[in-house]
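Heads up, the thing below is written out as structure tokens.
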Amino acid sequence: MSILIKNGRIVTATDDYVADIFIDGETISAIGKNLPMQADRTIYATGKLVFPGGIDPHVHLDMPFMGTFSSDTHETGTRAALHGGTTTVIDFVLQKQGHSLKEALADWNSRARGTTVGDYSFHMAVTDFNENTKAEIREMVEEEGITSFKTFMAYKGALMIDDSQMIGLMQEVKKQGGMVTVHATNGDVIDYLVAKHRSEGKLSPLYHYLSQPEVTEAEASGRFADMADYTGCPGYIVHLTCEGALNAVRNATRRNQKVFVETCIQYLILDASLYENEAEGAKWVMSPPLREKKDQQTLWAGINQGLVQVVATDHCPFMWEQKLMGKDDFSKIPNGHPAIENRMELLYSEGVHKGRITLNKYVEVACTNPAKIFGMFPRKGAIAVGSDADIVIFDPEERHMLSAGTHHMNVDYSGYEGMELTGKVKTVLLRGTVAIDDNTCLVDKGYGQFIKRNKVSGKI
Ligand SMILES: [Zn+2]
């Protein structure tokens, strides 16, 4: 099967020009003006933007958490992602403390293999670093193509590792050619504040926010950067939300260090005033919590300064009924928010359309940098000869409204209900196949492939 995309405005992280793209099989085989090839199908893209498929490197699909599971499966989550122009996601495998990485991977494979619609990969979350775990790192990198290892500096007793484990993990991961990523918040301080608020009968969603002040994230981000600097291990901070944390990274650059930073779309757009709504605040209970307006300004600036390289989602949806598990106690609200489908359109509308970032920067942080940082470039994240034909055709003018009534995520509310956006995904190709056309998904469960990733250097 061959496809010719005619006359679209091709936008990459560095280029912006009008041309045709010829796709033969799963990859791009030619790009140029007025290509002479005859294709099985021609898609006319005049007036449309044509950019690489989005990559969301931070999603939690079908994840066991607080006695329940996140409500999007690998099937529904990757399908929703495709509808929103995201062709590849990286999900998190969580090691259970006292168990091996291999057991965790088998568990995730049992839910994900053969069920995804879009392409996917895994990060391995190391929650129990010991001699056995250490011996498995090499196998993950060499055999499984899993080259990033997630750590938690919070959630003591379930997910958190201490600093001695962190240093040991960093040394081994560096040796094997991987990267350590981190949920950087100070778990001990947060646990103290949660217990204090509960003992005082302060149980509304607002106290979720007040239990995770900016300093808990700033301190842990700085500590993580210090340990990454000491070990020389490539480091990446997930879902960074605030000025204090970004300044910790900025400080690290003064000693010539590079720490990658991801923020998530909600931290750029939503703010902590939503927690004052006691009845609905649970919709935005996530960790770290939403922050202040000044933090949004810091994050947009950080993108433009090159300090923030990636905009992801931390997509972890729960039905409203699941959220109600914590209606009398904020600490029992399952943490997470749905955005896998909305990220690309939200970032375009709020970022590019409103003049906060350039179109090239948009492609860089939503598509290309995640591929480069996590060892998938130039197969993914590029419009180039030889790259996978993962392509979004986007109408930059169309206005539409976000709503749980029309989205494809398996969750019964939207964090952005009624929000009006400019710019809409029209057609999405995944490995040379039209996956989405005019709001309809044309590929089946099982079409998505697991993407084995290359070793990483910590440089892009
Ligand atoms: Zn997460």
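The strands (runs of 3 or more DSSP E) located wholly in the range 30-94 that include 1 or more residues which are within 16 Å of the ligand (Cβ to nearest atom) occupy 54-59, 86-94. Residues that are among the hydroxyl-bearing types (Ser, Thr, Tyr) and in contact with a strand residue (DSSP E or B) (Cβ under 7 Å, 6 or more places away or on another chain) occur in the range 45-62; there is at least one. The residues in the range 145-158 that are crowded, with 20+ Cβ neighbours inside 10 Å and touching a Lys or Arg at 6+ places or on another chain (Cβ under 9 Å) can be counted, and the count is 4.
Considered as a group, the residues in the range 322-375 that are of a type in the set (Gly, Ala, Ser) and part of a loop (DSSP other than H, G, I, E, B) include one that is nearest to GLN297 (Cα to Cα), and that residue is GLY355. With respect to SER387, determine if the residue is within 29 Å of ALA282 (Cβ to Cβ), in contact (Cβ under 8 Å) with a residue 24 or more places away in the chain and of a type in the set (Ser, Thr, Tyr). For SER387, the condition - within 29 Å of ALA282 (Cβ to Cβ), in contact (Cβ under 8 Å) with a residue 24 or more places away in the chain and of a type in the set (Ser, Thr, Tyr) - is not met. Within the option set GLY235, GLY326, GLY306, GLY302, being surrounded by 24 or more Cβ atoms within 10 Å (Cβ to Cβ), away from the ligand (no atom under 16 Å from the Cβ) and modelled with pLDDT of 95 or more holds for one residue only, GLY235. In the range 1-34, of all residues being free of Cβ contacts under 8 Å to residues at least 24 places away in the same chain and not charged (D, E, K, R), the one that is nearest to LYS48 (Cα to Cα) corresponds to VAL18. Candidates GLY375, GLY381: the one that is under 24 Å from HIS74 (Cβ atoms), touching a Pro at 6+ places or on another chain (Cβ under 6 Å) and more than 16 Å from the ligand (Cβ to nearest atom) is GLY381.
Are any of the residues in the range 401-413 in a strand (DSSP E or B) and surrounded by fewer than 22 Cβ atoms within 10 Å (Cβ to Cβ)? Yes, there is a match, as at least one residue in the range 401-413 is in a strand (DSSP E or B) and surrounded by fewer than 22 Cβ atoms within 10 Å (Cβ to Cβ). Of the residues making up the range 275-299, just one is in contact with a Lys or Arg (Cβ under 8 Å, 6 or more places away or on another chain) and either at pLDDT below 95 or in a loop (DSSP other than H, G, I, E, B) (or both), namely VAL285. When the range 162-193 is filtered for residues that are among the charged types (D, E, K, R) and over 24 Å from THR241 (Cα atoms), the ones remaining, listed by number, are GLU172, LYS174, LYS175.
The values are calculated or read from the model by the stated rules, or taken from the named source; none is laboratory data. Small disclaimer: the values here were computed from a predicted structure and weren't measured. With ideal geometry, Cβ positions are generated from the backbone for all residues, glycine too; neighbour counts draw on all protein chains shown.
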